[in-house]
Structures are given as structure tokens and as C-alpha cells.
Amino acid sequence: MGLSAWAGRASAAPIPAPIPPGAHVPVLVIGTGYGGSVAALRLAQAGVDVHMLEMGMAWDTPGSDGKIFANTTTPDHRSYWLRTKTKQPLSNFLGFPLDKDVPKYTGILDAEEFSGITVYQGRGVGGGSLVNGGMAVTPLRERFSAILPSVNAAEMYSTYYPRANAGLGVTEVDQAWWNSVDCYQYARVGRKHAQRSNFSFVFVPNVYDWDYMKKEVAGTVPKSAVAGEILYGNNAGKKSLQKTYLAQAKATGRVAISALHRVTSVTPANGRYTVVVEQLDTSGTVTATKTVTANKVFFAAGSVGTSKLLTRLKATGALPGLNNEIGKGWGDNGNVMCGRANHLWDATGTVQASIPTAGIDNWDAGGAFAEVAPLPTGIETWASFYLSITKNPNRAQFTWNSTANRAELNWQAAWKQPSIDMAKTIFDKINAKEGTIYRTDLFGVYKIWGDHLTYHPLGGAILNKATDNYGRLHGCSNLYVIDGALIPGNTSVNPFVTITALAERNIDTIIRTDF
Ligand code: FAE
């Protein structure tokens, strides 16, 4: 029995992409971000064939300009997911609106609008790793324990955080070099102002290839981070999941990825799951609807994607066994942005590397950790720019609107006020010390706070509530959540290392006990 099961598994060739209608696969993974990539790699290494379904594009083919990804300063059709006008996080500059018309396309950055908040997410093979800043932060252990008390922290910090950091290719910037280059002048100004107000200024690891950036500065390779590439993809030095976990997963020969395939339904049938998938073209039109089956399904569509799917599947009766925790506990990681106007003697530089390297830690005293962020505009802005992560306690819930046929999120714009108050514990003090003021021209006309958005959606299917302590969904065997939806709304730092480490922990146990 054991031998024939093993032989059957070993001989099965994975069904190649794009997945054909009627296909049966052992494991389907919905989404190709951090959680999905960890699951695919570790399952494949354990000898299991995996098919990944990703609603976004593969991002492996250059456009007419010879580049795969558009620059931050010149967004085009590649930049936004099915929009006809850009929705730039920094919408204005010196009184002028920055957004412009673009052709509707299955672009890389989704600015998904819910009541009271716009949630930015990566779309494509690699998920958020395609668009994010690469800041790879392991939270302090006591803060992790407060966030996920049911998880054995000793095991996380001895095994799974190190494994995640290694898998992601996380490294530290060379501080001597950082201190000497023009492209980090903005960050050195950030350090000076933080330290003059007695805040702790901390270097933060990243997944960027620092040797490549050194060559960019030296002018010996095509410029990427130093040319400002980040928000709409990075053409060279950033180690996105395409270059790390997904490359390794593909190299096993057991993982296939169908891009431009969006999952709309998962229902039990004869001890398996029936999964309905829409194939899209690059204008977002559905060109085919396919039904496939799988023994096991991993939800890795991101906090928003997974929460929306599960909320719908529960409410419409497709998965009636899901419990009442589905959709709950969603948070924005307390994100809030702001800029400060600097004096003429504190220029931040015309060339700013798009890869952030440091933050101001006032978490314990004020509830805020502020990333010193670049403003890669190519001109001197006389501005310091920050993305703060704050201890905002507000949590929203996804619910199903049957009339509109969509999942809705009940976040309220006013719920950002605690985040603003916490960020002010840092920047009011720095402004007072430096004799500076907030910029009011970056998020609208006379608007100081970028409080309408988040880059860090978390929660909606919380670990040990909607699922067991390893991500197995309550009420449905062989269904798993393995992405940011598991984390209750906040990680105290940028989230992807924690999402990756938690996925490493969960898949370890799942492979040992469920396969
Ligand atoms: P995620 O990476 O979002 O992957 C989910 C995937 O599922 C996506 O590729 C979706 O297209 C796909 N999908 C969704 N619905 C479906 C469906 N129905 N069918 C098929 N596919 C679907 O999820 N975090 C950091 O730690 N450091 C940073 O510096 C940082 N900077 C950021 C900057 C920006 C602009 C943004 C938007 C995010 C940033 N983040 C950063 C957040 C980070 O990218 C995010 O937490 C992770 O990507 C979430 O990982 P998941 O695996 O949960």
C-alpha cells in the first residue's frame, strides 16, 4: 500500500500551465505571493506536485521599451491593475495632481478601494514581492509574542525566521558605503533628524542585491534602484520571489504556475474540491471559465484576496462549514504616511535609491515605527518622507453583500486617527527640534497625512480562530490558509518576513501530518 502510494506520487508529471479544464491535481495553491511560494516550494521538495493559480501576469517579458517594469516616475499601462487612471500613493506635488490616464491593463499594482481605505497590493507571479520596498524586518521577539500568542516563539526565532530570511535572501547594507553615497543622503538626513531628537535610528535589512547597487552607483551596470524603480516593479537588483522561492520551486520540476487565472469558487465534491477559475486576457476580459479538481487547496491570495474568497464561499453556501471568524480581524498594520519640509541646508538629494534602509523606532514609547522612505522624483524636493507602522488597535471585517455580489470591508476613515497620533509622537518632536513643518502638498491640497491607504493588509482568517494553530481551516478538511490573512492586523514592523516565517512553520507541520 505504502509503496504503491509512493510510486504513484513519484511518477505523476505535474500538469503544465495553463491548467486545462477538467484537470485534477494533488494540490492547488491560490496566489503566488509569500505564503503561496513557501507552500509550493516545500511541498514540491517533499515530492508533491503543485499547481499555482495567479490572477496577475507572469512578468517575464519585456515591453516595447526593452524593460519588463515601468519606472516609478513614468507610470504606464503596466503600472496599474485594470484602471484607466493611475492612483499614485503620493497623489500631488507642489499643488499639482500627479495622476494621469493609462490604458486599462492587467498591470502590476492594484489600488483596491474599499469604504474608507485604498489597499495597495502586487498583482502577478510573485505577488507583493514585485512592488514592495524589500524591507525585510524580523520583529522583536516580545512584540511577536504579543501578536501571535498561540505560536511557539522560541521555535520561530530559532528555526523559522532564520529559514525565511535565508530563503528570501535578506542582507544588511554596507554602512560604510551607505555613509558615502549620494543616493542615501536622504536617509542620512533622516538619521540626523531622528538622533537630534533622541530617537532610536535602526538599520533595516533588505532583499536588494547590494553588490548590484554598488555597481549601479559606480555606473558599471544598468541603473535600477538608483533610477527609482520600485513601486511598479524593479528590473534588476531586487530579489523578488521570482528569483528566490519561486525559482527554487520551479527547479524541482514539480511546480507549474498558471498566470492570468483567477479563482472564483472552491466547493467540496466527492472527497475532493472543485475549483472554478477564470482565465483573463490583459484587458481583464474573461476568455475562459475552467473547472478543475484538487485533493487539497491552499488559500494564498493575500489578506484581501483570501478574505474576500472565504467570505463569499461561506455566505453563498459553497463552504458552509467555515466558522464565524471568517472575514474578521482585518487591520492595516497601522500604516500612515507623511512628509516634512526641510531647510535649505538639509537637501535630501536629486538621486535617491528607491530601496529603504532604515527606520525610527518609537514603538514602546509612542506606538510608531517610521520607515525613512525615499522620494525618488529625480529632483531636489527639500522633503523627508516617511511610512509609519503604528499600533493602531482598530480592526475591520469583511462581509458579503448579496445584492452587489461582492465582499465589503467596514473600515472607517476616522479609524486612522490613532495612527496619526502615534506618528506625531515622532514627527511633532522632530519638527519642534529642527524648526520645520509638515509638507501639506503630497496627498492633496493642504493635506498632511497619507491616511487613506495601506500597503500592509493583514488578517481576515486569523490563525487559531478561523483556522487551527497551523492554518487548517475549521470546518473543511484539506483546505488551508497560508498568507497574510492569518496575522491579526499588525506585525509591529513591515510584514513579509513574518508572513514567510509563519508559512515555513505551518507547512512544516502540514507536510509531516497531512501528506
Ligand atoms: P501577496 O504577496 O499579496 O500575494 C497574493 C497573490 O494572490 C497576489 O499575487 C494576487 O494577485 C493573487 N490573488 C489574489 N486573489 C486571487 C484569486 N482570486 N485567484 C488567483 N490569484 C489571486 O500575499 N512588506 C514588507 O515586509 N516590506 C516592505 O518593504 C513592503 N513594502 C511594500 C510596498 C508596497 C507598495 C506594497 C503594496 C506592499 C509592501 N509590503 C511590504 C507588503 C508585502 O508586500 C505584503 O505584506 C505581502 O506581499 C503579502 O504576502 P501574501 O503572501 O499574504
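What is the sum of charges, Lys and Arg at +1 and Asp and Glu at -1, for the other residues whose Cβ falls under 14 Å from the Cβ of residue 162? Summing Lys and Arg as +1 and Asp and Glu as -1 gives 0.
Take 488-499, 219-230 and order them by the average number of nearby Cβ atoms within 10 Å per residue, most first; the result is 488-499, 219-230.
Listed peptides 89-97, 23-31 appear in the order 23-31, 89-97 once ranked by packing, highest mean of other Cβ atoms within 10 Å at the front. Other residues lying with their Cβ under 10 Å from the Cβ of residue 434 contribute a combined charge of +4, Lys and Arg counting +1, Asp and Glu -1. Model label sites at residue 221 and residue 166, defined 7 Å from Cα along the beta-carbon direction, differ in position by 2.4 nm. Per residue, the chain exposes 37 Å² of accessible surface when a 1.4 Å probe is rolled over the protein heavy atoms with every protein chain present. Look at the alpha carbon pairs under 8 Å that are at least 6 residues apart: their mean separation over the length of the stretch 311-376 gives a relative contact order of 21 percent.
What is the local net charge at residue 131, summed over the other residues whose Cβ is closer than 11 Å to its Cβ (Lys, Arg +1; Asp, Glu -1)? Neighbour charge sum, excluding residue 131 itself: 0. Listed by chain and number, the lysines placed with their C-alpha closer than 22 angstrom to that of residue 214 are 67, 223, 238, 239, 243; residues fewer than eight positions away on the same chain are left out. FRET efficiency for residue 99 and residue 413, Cβ-Cβ distance as r, R0 = 22 Å, nearest 0.05? E(calc), rounded to 0.05, equals 0.65. For the stretch 70-154, the percent of C-alpha pairs falling in each 5 Å distance bin, counted from 0 to the bin holding the largest distance, reads 3, 13, 17, 18, 14, 12, 8, 7, 6, 2, 0. For the chain, with all protein chains in place and a probe radius of 1.4 Å, 54% of the accessible heavy-atom surface sits on carbon or sulfur.
Stretched out straight at 0.36 nm per residue, the stretch from residue 64 to residue 345 would grow longer than its current Cα-Cα span by 97.0 nm.
The number of Lys pairs in the stretch 82-199 with C-alpha atoms less than 25 Å apart, excluding pairs fewer than 8 positions apart on the same chain, is 4.
Taking 7 Å steps out from each Cα toward its Cβ at residue 211 and residue 437 produces label points 4.9 nm apart. Taking the Cα centre of the stretch 85-208 as origin and assigning +1 to Lys and Arg Cβ atoms and -1 to Asp and Glu Cβ atoms, the resulting dipole is close to 240 debye. Label zone of residue 174 (point 7 Å out along Cα→Cβ, amide N under 20 Å): in the stretch 219-238 this covers 219-227, 236-238.
Net length available on complete extension from residue 291 to residue 201 is 27.2 nm, with 0.36 nm assigned per residue and the Cα-Cα distance removed. In the chain, what percentage of the DSSP-assigned beta bridges are antiparallel, given to the nearest 5? If I count the DSSP bridges inside the chain, around 75 percent turn out antiparallel.
The values are calculated or read from the model by the stated rules, or taken from the named source; none is laboratory data. Note that the coordinates shown come from a computational prediction; the quantities given were computed from them, not determined experimentally. Note: ideal-geometry Cβ built from the backbone for every residue, glycine included; neighbour counts use all protein chains shown. These area figures cover heavy atoms from the full protein model, side chains too; ligands, DNA and RNA do not enter into them. Shrake-Rupley method; radii C 1.70, N 1.55, O 1.52, S 1.80 Å.
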